[in-house]
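Input: a single structure, listed below in structure tokens.
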Amino acid sequence: MTQEPETANPTPESGPPSGGLLATVKANWPGPALVLSTALLVGAMLLARQTAKGHDFAGALENVQRLIENGHPNEALDALNDKILPYLDDPQATLTDKGEFYALRGDALFEIQQLIGAPAVSAVNSMTILSDYEEAERAMHDLTAAQHARVVGALLSLGRFDEAVNRINAIPDDGSGRRERLLRQALQQQLDSNTGNKDNALQLLSELAEGRGASERDRLWAIARQTELRLESGHAEEALSSLLRVVSRLGQEASPEKAELYTLLAWSYYDLGRMDQALKHLDIAESMSSPTDNLVAEIRALRGRINQIDGDPDTAHDYYAETVDAFPELPATVACKLGLAELDAGDGRDDEALAEYDAVIRRMPLNERRWRITTESVAQSLATWRQARYVEGDFAASIEYAKLGELLYGPERLTADIPLALAQGHDALGREILEEAGVKPDSLIDLADVEPVTRAEARQQFMEAAEQFIRHARMVILADPEAFADSLWNAGVAYDLAGESNKAIEVFSEYANGDPDEPRHPAAVFRLAEAHQARGDYELARNFYDELIERNPNSPEGQRSFIRQAQTLLRLGDEASVERAESLLKTVVGSGMFSPEADEHRQGLFELGSMYYKQGRYREAIERLQEAIDRYPDDEQAPMIRYKLADSLRLSAGEIEQTLTSAMPDQEREELERLRTERLAQAQDLFLQVRDNIEALDPLSLDELDRRLLRNAMYFRADCAFDLGRYDDAIRWYDAAAQKYADDPSSLVAMMQIVNAYSAQGKWREAQTAQERVRQRLSEIPDAMFDDPNLPIDQRHWERWIANSPRVDVPTEGDGN
């Protein structure tokens, strides 16, 4: 059967065209295509005639030999397969002819493979060449030295090292060095592939070093490889002892082989912790080397590592950097980049360190025995800095180191610690983002209330955390059930914080529907209730909170459920739900269930006072909110509580003012007027505190609620002064508010109240000027803008201004100035 070697799936960009080695050579042959010398053409014609009628196998094979020798292996292969092979079974063909045929075809296939280069070297091609030479030997053909070398090469390319060595050992040791060269080739290939039996390799290296045909270079090469294997196996003392004996016999003249042995001597001392001796022998090795020798890169890199270990990072950094610049592509350079990465990480230069680690990873796996840069060693180095940054609170950097660990291992070899580290880093970063925005990530939060950019950043981190927790859970489900449960739980929490209520519910339902005695069961039910509450499923949330209050009232989740249930019932809004919410909150703050220092008591007091404020029950709101401010003056919610207390006092004063329009005993009227004045004065002071509290914050950190509270506090403070009859203060504060919020519809309120304040003082000229500004501003504001329920304007403002307008427009003779 015709045999042509198979190409190794070359790509259109880099490999030969389709059609096999023969087509490739024909397509790429330099010069005029297939132009042969006259003699070769005549030889080919004779070959065709002879094989057709006379079967002159010897002559035909001789012509094939000439084709190969003259660099035309494709034509030789065609002649062998098309002109000779069909007649090879003829009785005229002797065993010698057959042996010569297969040997020549092996030669032709080998030469074609050499012409095409690396893309043609495949297992099939090697098998084909090997098969032909073995067939030649079965025909009693004696292979030449070159053909023996090709057989060895084919065996080595197929990974059949032992057979290759047996083949080499069968070659007579005639002192020519041929056997030693093949053995060195075989050993080098085995050592490069890091396969095979090391004891056998050591034995073969000894044979090579002691062979009669071994040159001095071969001998020193073999000794160097023996030393490498001993060091790699952890036998540094044995390597040192053996190498010292060899080095003591070396002459003084320099050579690359001797320089390498001194370098290996330094490695032996390094492995034994004798750094001074290592440096001494590195000096000798470098003195024997040219500055451009690749060995110099290894010498300087090892100097850098020794200095790094000895606590001299600056010197180490210099050696590493110089080596990287001078020898960018060597294995020693990868070691230098790893050293630079560790030094830069140690100095907090994470951007540089991450780039250097990335460069190291992209050179992995590194088939270099001396530096021992393995996937595991790089992963450990990355883990050191990943964990350090996490402990330091630099979660973004910790994540980046973890991502490099993921790149290092790849999807097939990824270890479970990487997704766990990524999950923990993203989770911590998301919590940090929320905390910086003034939001407690452990509480029930509504991300819709968070500033949009912050919300998007936090959500992205929590979603990534959840996915990585799920990934980790899947990796450890069989090996570590407890870790699986932890990561699954943390994924649910992260989904919850990301606002992904559906996914959170899916995770927590697994726990809530499980064994009620399972330790996480109450927490799962609580989280499930929170998720439904966040999604607006208040009926479902109420049922879960009820379950906790009834079955686990003394658990942390059961106690926290009192507040959450009250919030849920208030959202439901029907009379029965609101009454029960009030009852629950009163239980929290008044039953002694929680001490005043407890978080539940604080939250209950805030919720109860806020509920009364919202319901317009200002007397009760004032009582509860005042208690809250007295107990928790520095709480993060204090500005909001002060605002609600101030507004409750202001609105209560308004109710008292309405009551005072009715007939009543003088004593009662005096008491109510005193109370009204007291509440307005207190409200005025509290609104000022709210303004000062909010203005002390970073303006960039203020959300919409903060800005609304600040605006309304300024207007309502002026309102209190107006209602107290302190018109000059009121005018000054209204004017400040109007200027601060000149583009806001609320500025109209300030302008109207200024007209009213001047009118109350009988200052009609000032009132008329202010009135013109009101009418101008009123014409500029669309009616729809007054529909905002949060504007600091009510009917009283309109009524006062409308009532005063006729007198302002046409003041009577007795009306002041």
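The values are calculated or read from the model by the stated rules, or taken from the named source; none is laboratory data. What you are looking at is a predicted structure, and each value in this text was computed from that prediction instead of being measured. Cβ coordinates were reconstructed from backbone atoms using ideal geometry, including for glycine residues, and neighbour counts include every protein chain displayed. Ligands, DNA and RNA are stripped out before the accessible areas are found, and what is left, the full protein with its side chains, is counted by its heavy atoms. Shrake-Rupley method; radii C 1.70, N 1.55, O 1.52, S 1.80 Å.
What to note about this one:
- For region 662-672, filtered to residues that are under 18 Å from Leu724 (Cβ atoms) and not aliphatic (A, V, I, L, M), the residue that is least open to solvent (accessible area, probe 1.4 Å) is Arg669.
- Of the residues making up region 452-469, those that are among the aliphatic types (A, V, I, L, M) and surrounded by fewer than 19 Cβ atoms within 10 Å (Cβ to Cβ) number 2.
- Any hit, region 608-621, residues being modelled with pLDDT of 95 or more and acidic (Asp, Glu): yes
- Single match in Ser290, Ser268 (criterion: farther than 19 Å from Leu338 by Cβ and touching a residue at least 40 places away in the same chain (Cβ under 8 Å)): Ser268
- Looking across region 69-96, the residues that are of a type in the set (Val, Ile, Thr) and open to solvent by 30 Å² or more (accessible area, probe 1.4 Å) come down to Thr94, Thr96.
- Entirely in region 303-415, the helices (runs of 4 or more DSSP H) that have 2 or more residues that are closer than 22 Å to Leu282 by Cβ: 313-326, 331-346
- Condition check for Pro639: within 20 Å of Ala713 (Cα to Cα), touching a residue at least 40 places away in the same chain (Cβ under 8 Å) and open to solvent by less than 60 Å² (accessible area, probe 1.4 Å): yes
- Single residue of region 269-302 satisfying the filter (in a helix (DSSP H, G or I) and acidic (Asp, Glu)) that is surrounded by the fewest Cβ atoms within 10 Å (Cβ to Cβ): Asp276
- The listed residues are Gly99, Gly71, and the only one of them that is assigned to a loop (DSSP other than H, G, I, E, B), of a type outside the set (A, V, I, L, M) and at pLDDT 90 or above turns out to be Gly71.
- Residues in region 389-403 that are open to solvent by 20 Å² or more (accessible area, probe 1.4 Å) and under 15 Å from Val360 (Cβ atoms): Glu400, Lys403.
- Scanning region 673-686 for residues that are more than 60 Å from the chain's Cα centre (by Cα) and either within 29 Å of Met640 (Cβ to Cβ) or surrounded by fewer than 13 Cβ atoms within 10 Å (Cβ to Cβ) (or both) returns Arg674, Leu675, Arg676, Thr677.
- Enumeration of residues in region 688-710 that are touching a residue at least 40 places away in the same chain (Cβ under 8 Å) and open to solvent by less than 20 Å² (accessible area, probe 1.4 Å): Val690, Ile694, Leu709
- Ala316 closer than 30 Å to Gly393 by Cα, surrounded by 23 or more Cβ atoms within 10 Å (Cβ to Cβ) and in contact with an Asp or Glu (Cβ under 8 Å, 6 or more places away or on another chain): no
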